[in-house]
Every structure is written in C-alpha cells, then in structure tokens.
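The values are calculated or read from the model by the stated rules, or taken from the named source; none is laboratory data. Just so it is clear, the model here is predicted, and its values are computed rather than measured. Cβ: placed from backbone, ideal geometry, glycine included. Neighbour counts: every protein chain shown.
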Amino acid sequence: MATTTQTDAPPPPGPAAAAAKPKARPGDRVFLGLSRGSGIALLMIMAAIAGFLSYRAFLAISKDQGNFLTTFEWNPAGDPPVFGIAVLAFGTIVSSVIAMAIAVPVAVGIALFISHYAPRKLAAPLAYIVDLLAAVPSIIYGLWGAIFLVPYLDGLNQWLDEYMGWTYIFDKAGDGPARNLFTVGILLAIMILPIITNVTREVFLQVPKMHEEAALALGATRWEVIRMSVLPFGRSGIISASMLGLGRALGETMAVAVVLSPSFLISGHLLDPGGGTFAQNIASKFNEANEFGRDALIASGLVLFVITLLVNGAARWIIARRKEYSGANA
C-alpha cells in the first residue's frame, strides 16, 4: 500500500524575518535626501518669490486711484497715482497667441521632417542648426527684428490690409512702420520655434519602432503611420513643448522692447503701431521709476507670474486628465 508524504509548509515570517530586511545603502539615502531637499528648496523659492511680489504689489495697489485691472493708463508718479494693466494684459496675450498659432504647426512639421522624413545626412545638420537658433540671445533677435523684419513687413501689412481688411483685425487704420503686435507675434514665433521643435523632435524619436513597423506591415502609408502612431504617442510632448514656448513668449522682454512702439491704447487693428506687454513695460520704465513706481511695476509682474502659473497648471491638468495623451497608452 502506497503511502504519501506531505512536506511541511514553511512557517510564516515572524518579527525576526521582518527585521532582517536589507538596509538602504548610503548612496541611496544621500540621493533621496538630495532629491527631497531640492524639491523642498524649489517650493520655498517659489513661495518666497510669490510672497515678495504680493507684498510689494499690495503696497502699490492700495494707493492706486484707478482700477488696477481695467485702467488704460500708466502714471504711478502722478497726483493722484493712476495705473492699470488692461493694455499690458491685452498686448501680452495677443502677441503670445499669434506666436503660438504660427510656431506650433511649423515646429511640429520640422520635428516630423527631422525625425521621420529627412535623410540621416540632412537630419543631423538640420537638428544642429535648430539647436543653435535656441542659443541666440534675445537682444540679437530684437535687433534683427527692428532693423530687418520691421521694414520688410510693411509690404505684408499692406497686402493684409488690402485683401484681409474686411476682417477688421487686419484693417490698418493708420500709417506708420510695422512696429505693432502682429510683428511682435511673428518675432516671438521665430524665437520659440527652436524650443518647441527640439522637445517635440526628441519625443517623436522615442516612439516605439514596433508601433511603426506594425502599421507599415498592415499596409499603412507613411502619413498614416505618423497620424496613427507618432502623433498620438507624442501628444503629451507637443503640449509640454508648446507650454515651454508659451512661457518664453509671455515673458520675453528685450526683443519686444526693441521692436514695439509702446502705447497705452487697446486696438483691435493688429497692424496699427502701438500696444504693450508686461515684460516690455517693466524693462522700459524700471530705471526711471521712483520707489512707488517700481512697486507698481512689481504689481504688474505679479499678474504675469500668476498667468504663467495658470498656463502651466492648465497644461499639466490637460495631460493628467486625458490618459490617451500618455505615450504608454498610445
């Protein structure tokens, strides 16, 4: 008669086994401490900046005799002091929207060409040139825009006025050089183009080759592979790159100050000279302002700080809310 033997199951782990867990290595503890400390330091710096801006802005806004959000004037040295950000907010948003509308499609197209269409011998030099454009200082872009871009855009402005003037936006109400928000938007588009292109190109290069090869094996064309595999995978990267470019467009200072003819008037005619942005107004008026005037400029800087935070927060919320924007789920 056959007998069966039953092996005893190992005893459950007790406190001694739990206490025998391997200890973290010193390098891991150091790295954890540095990472955690860096995150805390970043939050403290952001809080310090926000606190400083808020305090100095409160000193100025409490003495403002107008409405800080709707006043079309900037005269903090007057008696009584009157200043507002309506014109600055309008100019900053309009010029940034123009820049994004021009730069994002072109940047995505260049990134696709470099990563999926251009021959290897052409892709590497072209990517290097784009990298060099990102390193050009802002003042160089401003000088180029004032000396070269403004005169050559007069013809484009006349063409837009003649054929697109019925849209009111491109109806040029007055004469003058092309020192307007439309020119600023084009210049900002050129400045943010390499930033968006570089980030988007790197994201497109990370697309799993198996996705593309599987689409090609099923008979998809090159464009269908890009539309079904590359673009869905790179959506989060495109959004992130666009937000980086938008952040530079919102805060650009010297290039805008050199090109734009500032005025505190809001006009729907984008081709008319004039307008203003937060950064340009701060750069042009800071040196000549008194203590109260600098507080007023800091108050406008606080608004720009809040706008930038809201824009980046909205981008992160969009990416987190839409799971299909994640490359892992493409």
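Evaluate the following for Ala99: is it assigned to a helix (DSSP H, G or I), within 22 Å of the chain's Cα centre (by Cα) and either basic (Lys, Arg) or over 19 Å from Gly275 (Cα atoms) (or both)?
Criteria not met by Ala99.
Does the stretch 159-182 contain at least one residue that is farther than 30 Å from Leu231 by Cβ and within 22 Å of the chain's Cα centre (by Cα)?
yes
Mind counting the residues in the stretch 23-81 that are of a type in the set (Phe, Trp, Tyr) and in a loop (DSSP other than H, G, I, E, B)?
2
Can you confirm whether the stretch 73-81 contains a residue that is closer than 30 Å to Gln206 by Cβ, touching a Gly at 6+ places or on another chain (Cβ under 8 Å) and crowded, with 16+ Cβ neighbours inside 10 Å?
Within the stretch 73-81 (the criterion being closer than 30 Å to Gln206 by Cβ, touching a Gly at 6+ places or on another chain (Cβ under 8 Å) and crowded, with 16+ Cβ neighbours inside 10 Å), the answer is no, since none of the residues qualifies.
Of the numbered conditions (1) under 26 Å from Phe90 (Cα atoms); (2) more than 16 Å from the chain's Cα centre (by Cα), Ile196 satisfies every one except a single condition; which is it?
The one condition Ile196 does not meet is (2).
Those residues that are modelled with pLDDT of 90 or more and loosely packed, with under 11 Cβ neighbours inside 10 Å, I need them from the stretch 114-124; list them, please.
Scanning the stretch 114-124 gives no hits.
Where residues in the stretch 151-185 are out of contact with any helix residue (DSSP H, G or I) (no Cβ under 6 Å at 6 or more places or on another chain) and aliphatic (A, V, I, L, M), which of them is surrounded by the most Cβ atoms within 10 Å (Cβ to Cβ)?
Looking at residues that are out of contact with any helix residue (DSSP H, G or I) (no Cβ under 6 Å at 6 or more places or on another chain) and aliphatic (A, V, I, L, M), I get Leu160.
Among residues belonging to the stretch 22-60 that are under 30 Å from Gly293 (Cβ atoms) and more than 28 Å from the chain's Cα centre (by Cα), point out the one that is surrounded by the fewest Cβ atoms within 10 Å (Cβ to Cβ).
My answer is Leu59.
Show the residue pairs meeting these rules: Cβ distance below 8 Å; 6+ apart or different chains; first residue within the stretch 236-250 and over 14 Å from Val203 (Cα atoms) and surrounded by fewer than 20 Cβ atoms within 10 Å (Cβ to Cβ); second residue at pLDDT 85 or above and among the hydroxyl-bearing types (Ser, Thr, Tyr).
Pairs found: Gly247/Thr308.
Select from the stretch 251-284 the residues that are out of contact with any Gly (no Cβ under 7 Å at 6 or more places or on another chain) and surrounded by fewer than 20 Cβ atoms within 10 Å (Cβ to Cβ) and list them in ascending order.
Within the stretch 251-284, Gly251, Thr253, Ile266, Gly268, His269, Ala283, Ser284 qualify.
Mind checking whether some residue in the stretch 129-150 is under 30 Å from His116 (Cα atoms), over 20 Å from the mean Cα position of the chain (by Cα) and either part of a helix (DSSP H, G or I) or not hydrophobic (A, V, I, L, M, F, W, C) (or both)?
Yes: one or more hits.
Collect the residues in the stretch 248-268 that are in a loop (DSSP other than H, G, I, E, B) and in contact with a Leu (Cβ under 8 Å, 6 or more places away or on another chain), keeping them in residue-number order.
Glu252, Leu260
Do we have Gly245 as part of a loop (DSSP other than H, G, I, E, B) and either touching a Lys or Arg at 6+ places or on another chain (Cβ under 7 Å) or not aromatic (Phe, Trp, Tyr) (or both) here?
Criteria not met by Gly245.
Could you please give the count of residues in the stretch 208-228 that are buried (at least 19 other Cβ atoms within 10 Å of the Cβ) and modelled with pLDDT of 85 or more?
Number satisfying all stated conditions: 2.
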